[in-house]
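Please read the structure below before turning to the comments.
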Amino acid sequence: MRIFWILWKREVASAFQTPMAWVILFFLMLITGFNFYAGVTVLNHGPTEVTVVESFFNTIFFWIPFLLLFPLLTMRTYSEEYRSGTVEPLMTAPVRDTQVVLAKFFGTLFLYVVLWLPTAIYFVIFWLQTRLTAAGATGAYLGAYFLLLLMGMFYLSLGCLCSSLTRHQVTAAVMSFAIVSLFFLTGLLTFLAGNVGSFMRGLTVTLSPIEQMTQFSRGIIDTRAVVWYLVMTALSLFLTLHSFQARRWRK
Amino acid sequence: MISVQGLSKRYGQTQAIRDLSFSVNKGEVVGFLGANGAGKSTTMKILCGYLPADEGEATIAGFDVFTQSLKARSRIGYLPENVPLYPEMRVGEYLAYRAALKGVRANTLAEKVEDALELCGLTHVRRQLIGTLSKGYRQRVGLADALVNEPDILILDEPTIGLDPAQIREMRNLIKGLASRHTILLSSHILSEVEMTCSRVLILNKGHIVATGTPAELRERAGLPLTGSIRLEAMLPDAQAALTGIRRIAGVSSASALGSADGWTTFEIVPSEKDPRSALFEEAVKQGWKLRELSSRESTLEEIFTSVVSGGGSEGEGVTERPSKAKEGDKP
């Protein structure tokens, strides 16, 4: 556990010691800020069916930066260590592979959380200005951010997996963007294959992040989604561990 | 401290090392000598638990490097070739991180980092970003990292490669200073370096050990002076008579005529302890030779190497490969 924290601290520190984290934070705030502004503007034009929270978390201005975040946050985790060779001093220190894999995953997850936290300011500002809540109930905030965390865990673990497969950061980024997008767009499969059974339709709808966000941002927690993301995160971390260990056998 | 038995490793079609066996005792400084691609780095990576061997076993302080990897690794300080480091970290910060990772307790951590910084002459760059350091300083950071937790064994892969002559000298002195406290296995392809720092040498060729012994023993076996040879080129009437004269000079242990062209004859002279160059000059003056070259050069690893590989040398001219000698040498 001690080793895990040492490794985790280095992962987090290295993200903030390089400009990367700050650049991502800047642009994320810029885009989500615009997204929030757009959501409020819609309200000004008359009554709508959705709350500010619902519209904030479920627009294209939200989802596009969201999807771009994963390759950016994870591409260097392993690839950079392979390319620069620092994996050698790392793995010749008395450190277990599992400790490294978990430290890298939780390091990027921490970064991810830090990147989203400032968006809560928007809702505080909304409340200060209007004395109205941006959502129907507190659960709506919690639901939206909880889903964001769950999806983040799964997609970050996929990104780590891709990075552990190659020494080229760009290759890792392309792979993780493709795979994350694939999972993200599962909800659209029903449109592509029109003639599927109701089970498949139900499954794809359940797994569609857009559908999930609609539910979660109203404060409705769908446990099927929770289980799905937790299980898939564990699975992809398990695969990452094995891909990381495979470095010993190739070359 | 280090024991290797029948170690083999293959990368695809290439056999990196083959049936390697050797041991390093406590307190020894052993040099791993070999041309590029001889298998030095591979062996070191296996010893440090970074690569698994295909066959054979290796133990570090009694712990198997594969099955008890963590225990074995915690007893090693490893300086990898080319010293990969995190460029965004500061020197002191990096060493503190590495020390903590290697299990140095928090209450002694600052002190150990301080010691390592001082020992490697890094105190004044402790706040500098590693990415801005020169090659020599990077190498020192790597060495400081290897010894920050005071491991029993240091494994140093090409510690002086890429350094300038002054830095090489510094690094060599540093390693010599460490020899009293650590068991050291270091690799190099520079003979003089190994001779200066190591008490024992293992010569590696194409993945297996072709010779082992102290530098003096190897010199004897190779029939080659580690001190080098002297080259003399002069215009003289009778090469054979001149050769006899040269052999008689004090400080010449053997001499041979390499050939002549346009009236100039070239001799190769192997000196003993005493440098015979001034005596050679006097001889030339006395005999009235017209002298055009009188120079000394160091034996290169390749020469020792070739002679060792070809099964031991003969006096003075064991530089060239001679298959007939090799057969004799192979006989038990």
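Structure notes:
- Within the range A:1-59, the set of residues being within 14 Å of chain B (Cβ to nearest Cβ) and among the small types (Gly, Ala, Ser) comprises A:Ala13, A:Ser14, A:Ala15, A:Ala21.
- Per-region count, the range B:1-17, residues in contact with a Lys or Arg (Cβ under 9 Å, 6 or more places away or on another chain) and not in a strand (DSSP E or B): 2
- Qualifying residue in the range B:135-149 (condition: under 15 Å from the mean Cα position of the chain (by Cα) and surrounded by fewer than 19 Cβ atoms within 10 Å (Cβ to Cβ)): no
- The range B:35-77, residues that are within 29 Å of B:Leu191 (Cβ to Cβ), of a type in the set (A, V, I, L, M) and surrounded by fewer than 19 Cβ atoms within 10 Å (Cβ to Cβ): B:Ala35
- Count of the range A:1-53 residues which are buried (at least 17 other Cβ atoms within 10 Å of the Cβ), under 21 Å from A:Ala137 (Cα atoms) and aromatic (Phe, Trp, Tyr): 1
- Helices (runs of 4 or more DSSP H) contained entirely in the range A:197-251, each with at least 1 residues that are touching a residue at least 40 places away in the same chain (Cβ under 8 Å), more than 14 Å from every other protein chain (Cβ to nearest Cβ) and polar (S, T, N, Q): A:209-216, A:223-245
- Note on the range A:95-114: among residues that are among the β-branched types (Val, Ile, Thr) and surrounded by fewer than 19 Cβ atoms within 10 Å (Cβ to Cβ), the one that is farthest from the other protein chains (Cβ to nearest Cβ) is A:Val113.
- Scanning the range A:41-63 for residues that are modelled with pLDDT of 85 or more and in contact with a Phe, Trp or Tyr (Cβ under 7 Å, 6 or more places away or on another chain) gives A:Phe56, A:Phe61, A:Phe62.
- Matching residues in the range B:47-67 - criterion: being within 9 Å of chain A (Cβ to nearest Cβ) and either of a type in the set (S, T, N, Q) or at positive phi (or both): B:Gly49
- Just so you know, in the range A:152-166 the residues that are among the polar types (S, T, N, Q) and part of a helix (DSSP H, G or I) include one that is surrounded by the most Cβ atoms within 10 Å (Cβ to Cβ), and it is A:Ser163.
- Set B:Leu70, B:Leu79: member being at negative phi, facing chain A (nearest Cβ under 10 Å) and over 24 Å from the mean Cα position of the chain (by Cα): B:Leu70
- Verdict on A:Val113 being closer than 30 Å to B:Pro80 by Cα and in a helix (DSSP H, G or I): no
- When the residues of the range A:77-94 are filtered to those that are away from chain B (no Cβ under 11 Å) and assigned to a loop (DSSP other than H, G, I, E, B), the one that is nearest to A:Thr108 (Cα to Cα) is A:Thr77.
- Residue count, the range A:35-63 (criterion: within 17 Å of A:Ile121 (Cβ to Cβ) and without any contact (Cβ under 8 Å) to a residue 12 or more places away in the chain): 1
The values are calculated or read from the model by the stated rules, or taken from the named source; none is laboratory data. Quantities reported herein were computed from a predicted structural model and do not represent experimental measurements. For neighbour counting, all protein chains shown are included, and Cβ atoms are generated from backbone atoms with ideal geometry for every residue, glycine included.
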